[in-house]
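The values are calculated or read from the model by the stated rules, or taken from the named source; none is laboratory data. Just so you know, these numbers come straight off a predicted model, no measurement behind them. Neighbour counts are summed over all protein chains in view; Cβ atoms, including those assigned to glycine, are modelled from backbone coordinates with ideal geometry. Each accessible area value is taken on the protein alone, full model and side chains, heavy atoms only, with ligands, DNA and RNA left out. Shrake-Rupley method; radii C 1.70, N 1.55, O 1.52, S 1.80 Å.
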Amino acid sequence: MLTRRVGAPHLELVEDAVQGALMAALTVWKDETLPEDPGAWLYRVAYNQLIGDLRREAGRLRILEREAGDLAGESGHPAASFFADEVRDDMLRMLFVCCDDAIPPESRLVLALKTLCGFSTVEIALRLFTTEANVHKRLGRARDRLREAPPDLETPPLEELRSRLPSVHAVLYLLFNEGYLSARAEQAIRRELCDEAIRLAALLADHPVGAVPETFALLALMHFHAARLGARLDGMGGLLLLEEQDRSLWDRERMRLGAEWLARAASGEMFSRFHAEAGIAAEHCFAPSFRQTRWNEIADLYSILERVAPSPLHTLNRAVAVAEWQGPEAGLAVLEGLVPPAWLVGSYLWDAVLGDLHRRAGNLELSRQHRERALGSAPTEAVRELLRRRLAVPT
């Protein structure tokens, strides 16, 4: 909301003002009574700091003159005005701003995840399979572009919004994934991120630009995964393997919603990566048990996913499904001849899968080697403990 008032070029000043307001709240609210409307209090403090910062910078007179008339008599949040086809939710609106076509695609993701979703550079680097140094470079390029943007955040034409939709989908997908398996050491699952991703995706599905099969499929995928959140942790907060989960704890209402969105996604001729991934998640959700899962169907869906959105990660997952369907040797055969890129070799995922397949195939020495590398590159202790159980080699 603050960015909308003063313009995208001042995004860094807005970030500083919001951080200042949060720090002030930690001090003031500890010693005084909590305000009736904490959100309005935070907005007012951040707004005052932002106006002060703008006054101290040259070249901001036009903005100050525009805001001066609003300052007197204003309380709480300002009234919002919208155009007929405008994105009405501030968070979703800013996602479209961050996904401006003029910003390089990789920088759009970094900007949105850092500025709007609150990801650390470590979390972004993990999600994008890159280094923290690259994250900083991409963020700098995105902010340089926003400084050149017009100061008013008018709603772009619908066609321009449509061109930004794939990037918005990508941000929401990564936001949900961070909630589903967090990179934070102290928190394996962050439900609030999953809930926010679903909320924003639902708002997107209601907008003329976002009401498309890809959005519906993304929502289906989120609901199917969210249905299993309550069964993914043990009593001590540790992660559970899929075969260890109590399926009676899975959320049937979420599964129903996932099925409804997936049915809506079937309209039209478009088949996206979200369609394939939602289909895979549905197979897991509606399987009577781990052993009774239709692994052949999942393997086929991963094959389709490889064609729709080529990635060695999808090949890796197909190998896992084939191994459950036809045995570990068949899974290893899928990976035979595959030369993984450096970003995948550096991830624990590659060694975790190979360690498990070699263990099950009886190649114990190879399994131990991959196990050690997987444990060494795992991002959190929760993931390491999961791998220790999964990759335990008989002695």
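Would you be able to tell me the number of residues in the range 246-280 that are polar (S, T, N, Q) and either in contact with a Ser or Thr (Cβ under 7 Å, 6 or more places away or on another chain) or in contact (Cβ under 8 Å) with a residue 24 or more places away in the chain (or both)? Outline the logic, then answer.
Start the filter on the range 246-280 by keeping residues that are polar (S, T, N, Q), which leaves 248, 267, 272.
Then drop every residue that is not either in contact with a Ser or Thr (Cβ under 7 Å, 6 or more places away or on another chain) or in contact (Cβ under 8 Å) with a residue 24 or more places away in the chain (or both), which leaves 267, 272.
Result for the range 246-280: 2.
Let me confirm something: among LEU386, LEU366, LEU391, which residue is more than 26 Å from ALA278 (Cα to Cα), open to solvent by 20 Å² or more (accessible area, probe 1.4 Å) and of a type in the set (A, V, I, L, M)?
Numbers: LEU386 fails: more than 26 Å from ALA278 (Cα to Cα); LEU391 fails: open to solvent by 20 Å² or more (accessible area, probe 1.4 Å).
One residue alone meets the criteria, LEU366.
Could you grab me the full set of residues in the range 183-208 that are under 17 Å from GLY230 (Cβ atoms) and out of contact with any Phe, Trp or Tyr (no Cβ under 9 Å at 6 or more places or on another chain)?
GLN187, ALA188, ARG191, GLU192, ASP195 - these are the residues of the range 183-208 that are under 17 Å from GLY230 (Cβ atoms) and out of contact with any Phe, Trp or Tyr (no Cβ under 9 Å at 6 or more places or on another chain).
Starting from residues that are open to solvent by 10 Å² or more (accessible area, probe 1.4 Å) and assigned to a loop (DSSP other than H, G, I, E, B), keep the ones in the range 208-221 and report whichever is farthest from LEU92 (Cα to Cα).
Filtering first and then ranking leaves VAL212.
Just checking, which of ALA197, ALA205, ALA226 is hydrophobic (A, V, I, L, M, F, W, C), within 22 Å of VAL383 (Cα to Cα) and crowded, with 16+ Cβ neighbours inside 10 Å?
On the way: ALA197 fails: within 22 Å of VAL383 (Cα to Cα); ALA205 fails: within 22 Å of VAL383 (Cα to Cα).
The unique qualifying residue is ALA226.
Looking only at the range 149-166, count every residue that is surrounded by fewer than 20 Cβ atoms within 10 Å (Cβ to Cβ) and either at pLDDT 75 or above or in contact with a Pro (Cβ under 7 Å, 6 or more places away or on another chain) (or both) and tell me the total. Show your work before the answer.
We begin by selecting, within the range 149-166, every residue surrounded by fewer than 20 Cβ atoms within 10 Å (Cβ to Cβ); these are 149-160, 162-163, 165-166.
The next check asks that each one be either at pLDDT 75 or above or in contact with a Pro (Cβ under 7 Å, 6 or more places away or on another chain) (or both); those that pass are 149, 151, 158-160, 162-163, 165-166.
Residues that pass the stated criteria total 9.
List every residue pair whose Cβ atoms lie under 9 Å apart, where the two residues are 6 or more positions apart in sequence or sit on different chains, the first residue falls within the range 117-130 and is under 10 Å from GLU178 (Cβ atoms), and the second residue, located anywhere, is among the polar types (S, T, N, Q).
GLU123/SER182; ILE124/THR130; LEU126/SER347; ARG127/ASN177
Can you pull out the residues in the range 267-277 that are small (Gly, Ala, Ser), at pLDDT 95 or above and either part of a loop (DSSP other than H, G, I, E, B) or open to solvent by 60 Å² or more (accessible area, probe 1.4 Å) (or both)? Quick ask: steps written out before the conclusion?
Going through the range 267-277, the residues small (Gly, Ala, Ser) turn out to be 267-268, 272, 276.
Those still in the list that are at pLDDT 95 or above too: 272, 276.
If the condition is that a residue be small (Gly, Ala, Ser), at pLDDT 95 or above and either part of a loop (DSSP other than H, G, I, E, B) or open to solvent by 60 Å² or more (accessible area, probe 1.4 Å) (or both), then SER272 is the only one that fits.
Just to verify a result, which residue in the range 288-306, among those that are small (Gly, Ala, Ser) and closer than 16 Å to LEU316 by Cβ, is most open to solvent (accessible area, probe 1.4 Å)?
We begin by selecting, within the range 288-306, every residue small (Gly, Ala, Ser); these are 289, 299, 303.
From what is left, the residues that are closer than 16 Å to LEU316 by Cβ are 299, 303.
Values: ALA299: 4, SER303: 35 Å².
This residue is SER303.
When you look at ALA282, is it in contact with a Gly (Cβ under 8 Å, 6 or more places away or on another chain), open to solvent by less than 20 Å² (accessible area, probe 1.4 Å) and of a type in the set (A, V, I, L, M), yes or no? Don't jump to the end; show me each part of the working.
On the way: in contact with a Gly (Cβ under 8 Å, 6 or more places away or on another chain): yes; open to solvent by less than 20 Å² (accessible area, probe 1.4 Å): yes; of a type in the set (A, V, I, L, M): yes.
Judged against the criteria, ALA282 is a match.
Is there any pair linking a residue in the range 197-213 that is over 14 Å from TYR173 (Cβ atoms) and modelled with pLDDT under 95 to one that is open to solvent by 20 Å² or more (accessible area, probe 1.4 Å) and of a type in the set (Asp, Glu), with Cβ under 8 Å and at least six apart or on different chains, and which?
LEU203/ASP89; HIS207/ASP85; PRO208/ASP85; VAL209/ASP85
Only one residue in LEU181, LEU174, LEU128 is surrounded by 14 or more Cβ atoms within 10 Å (Cβ to Cβ), under 23 Å from SER377 (Cα atoms) and out of contact with any Leu (no Cβ under 7 Å at 6 or more places or on another chain). Which one?
Numbers: LEU174 fails: out of contact with any Leu (no Cβ under 7 Å at 6 or more places or on another chain); LEU128 fails: out of contact with any Leu (no Cβ under 7 Å at 6 or more places or on another chain).
One residue alone meets the criteria, LEU181.
Looking only at residues that are modelled with pLDDT under 90 and part of a helix (DSSP H, G or I) in the range 108-120, which one is most open to solvent (accessible area, probe 1.4 Å)? Explain how you work it out, then say what you get.
Here is the first cut: in the range 108-120, the ones modelled with pLDDT under 90 are 108-109, 111-120.
So of that shortlist, the ones also part of a helix (DSSP H, G or I) come out as 108-109, 111-116.
Details: ARG108: 27, LEU109: 31, LEU111: 0, ALA112: 0, LEU113: 0, LYS114: 72, THR115: 30, LEU116: 39 Å².
If we take residues in the range 108-120 being modelled with pLDDT under 90 and part of a helix (DSSP H, G or I), then LYS114 is most open to solvent (accessible area, probe 1.4 Å).
Can you find even one residue in the range 330-341 that is open to solvent by 40 Å² or more (accessible area, probe 1.4 Å), within 20 Å of LEU181 (Cβ to Cβ) and within 28 Å of the chain's Cα centre (by Cα)?
no
Of all the helices (runs of 4 or more DSSP H) wholly in the range 291-369, which have at least 3 residues that are touching a residue at least 12 places away in the same chain (Cβ under 8 Å)?
Working: elements: 295-308, 312-326, 328-335, 342-345, 348-361.
Filter on the range 291-369 gives 295-308, 312-326, 328-335, 348-361.
Between a first residue in the range 159-179 that is free of Cβ contacts under 8 Å to residues at least 24 places away in the same chain and farther than 13 Å from LEU204 by Cα and a second residue that is of a type in the set (D, E, K, R) and surrounded by 17 or more Cβ atoms within 10 Å (Cβ to Cβ), which pairs have beta carbons less than 6 Å apart while being 6 or more apart in sequence or on different chains?
Once the first residue is free of Cβ contacts under 8 Å to residues at least 24 places away in the same chain and farther than 13 Å from LEU204 by Cα and sits in the range 159-179, its partners that are of a type in the set (D, E, K, R) and surrounded by 17 or more Cβ atoms within 10 Å (Cβ to Cβ) give GLY179/ARG190.
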